[in-house]
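Here the structure comes first, spelled out in structure tokens, and everything after it is commentary.
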Amino acid sequence: ENSVDFSQVRAQFPILKVVENGQPLVYLDSGATSQKPLRVIEALDTYYRQENANVHRGVYGLSERATEKYEGARETVKQFLNAKSTKEIVFVRGTTEAINLVAHSWVSENLTEGDEVIVTEMEHHSNIVPWQLLRDKLGIRLTVLRMNQKGEVCLNALKGLVSEKTKFVSVTHMSNALGTINPVKEMVEIAHSVGAKIMIDGAQATPHMTVDVQDLDCDFYALSGHKMYGPTGIGVLYAKEDLLEVMPPYQGGGDMIYSVTFDKTEYNVLPYKFEAGTPHISGAIGLAAAMDFLNEVGLDNIAQHEAGLLAYATEQLSQIEGLRIIGEADKKGGVVSFVIEGVHPHDMATLMDQDGIAVRASHHCAMPVMQHFNIPATIRASFGVYNNFEDIDRLITSINEAKEMLV
Ligand code: PMP
């Protein structure tokens, strides 16, 4: 039994009262972006109504208060991830920017021709393309850790893959296309055993489970605010302080400097060295409100709630003739991807929209996953704190009705 009343949690999301095509919205696309609780919406509203000013510059009260709020948000993130220091928390646009920052800074500084980066076969394009760009520029190798038919990677295969040439490993904590949760702590140990650094893409994991970067001992961890009930356009790069200390800046501009002359620029202290230009102040404040929300509901309660939804959806979907679930990892988060014999995923999703059901039909920015399973796309239902069994019942009814029309 869960101690949290999730109907009360759902009630905090105004958008779920929206009517779509004459039906109350069933939102099953949290893997793409989550909806926002009142607490986050109000944090943004309050900031713009009462507190808006640029940070780190003004001597006047308003600017000092904006700075306090922005730096307070950094403290919230630090605690949320259990980082050692706020110096290790860099605000970025999202997971994509965090990965590109590390690629252009630590990795391009430390890898040379013949060195190797390892990723898994289940990565989002944002954790593939930056490494290909570097491969073409630096002559490094990009090696892929393959997955099995259940959509899992094997730790022994990773042990066999790493060598003294491996300088960097970048893996997703949870797959957006399949829901697979990777054994990242063990992967960190394997990367470190050959002296490689490791980055974890936490875009999908952070809304669903507790993340402790000190316990994981990862070198870098990336997250996106919009996937975890916060605003778009804000995310976090966590990095160990000693790495950030020696890394060159990713972008130059205001705020990231200590002093500038035309001959020489001295960089600001951490984490500001990596935050060029006016930051997304309201975004950071909104993200902190989202983290407060997650803490209040409790990530363990959320994980339990979503595991119940996943089990129920899997059981119900399995009874539909011709439906095949893609990705059956033993450890899975609240994502279920599937295909239906003789039906194109886009046609199915279009009909489901008529029933007010928002699911995604696509390659989910993970085309190699589709190639692995030899399919063009899947229909994906992904769950959040607000979903309930009724949502899944409506999903199943809608699939059955759409199937009648399409098959
Ligand atoms: N990695 C994973 C696993 C994702 O699901 C996503 C978003 N779909 C990203 C990275 C990229 O995140 P963003 O678009 O917020 O930068």
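The table below lists the values:
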| item | result |
| --- | --- |
| Nonlocal amide H pairs with Ile257, under 5 Å, H built at 1.01 Å | Asn268 |
| Rounded, prolate or oblate (a/c below 1.5 giving rounded, otherwise prolate when a/b exceeds b/c) for segment 105-262 by Cα gyration tensor | oblate |
| Backbone N under 20 Å from the Asn374 label point (7 Å along Cα→Cβ), restricted to segment 299-327 | 322-327 |
| Theoretical gain in end-to-end length, Ser85 to Asp347 [0.36 nm per residue, Cα-Cα removed] | 89.4 nm |
| FRET efficiency for Tyr258 and Leu62, using Cβ-Cβ distance with R0 set to 35 Å, rounded to 0.05 | 0.90 |
| Relative contact order (percent, whole number), the chain, Cα cutoff 8 Å, 6+ residue spacing | 23 percent |
| Theoretical FRET efficiency, 1/(1+(r/R0)^6), r = Cβ-Cβ of Lys159 and Glu296, R0 41 Å, to 0.05 | 0.55 |
| Simple label model, 7 Å out from Cα along Cβ direction - Arg146 to Gln50, nm | 5.9 nm |
| For the chain, built as a Gaussian network whose Cα springs stay under 10 Å, the top-fluctuating residue of Ile320, Ile140, Ile285 | Ile320 |
| Neighbour-count ranking [beta-carbon atoms within 10 angstrom, fewest first] of Met174, Met228 | Met228, Met174 |
| Theoretical FRET efficiency, 1/(1+(r/R0)^6), r = Cβ-Cβ of Gln132 and Gln8, R0 30 Å, to 0.05 | 0.05 |
| Those GluC sites (Glu not before Pro) in segment 234-330 that DSSP places in a loop and that have at most 11 other beta carbons within 10 Å | Glu321 |
| Distance between segment 201-216 and segment 1-46 - C-alpha centres, whole angstrom | 22 Å |
| Under 27 Å between alpha carbons - lysine pairs in segment 177-316 that sit 8 or more apart or on different chains | 11 |
| Under-5 Å amide H pairs with Ile118, H placed in peptide plane, nonlocal only | Thr143, Phe168, Val169, Ser170 |
| Helix runs (DSSP H) in the chain reaching 18 Å along axis by Cα, Kyte-Doolittle at least -1.0 | 61-81, 281-297, 299-318, 389-406 |
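Coordinate-derived values only; no laboratory data. None of these values were measured; they are calculated from a predicted model. Here Cβ is always computed from backbone atoms with ideal geometry, including for glycine, and neighbour counts include all displayed protein chains.
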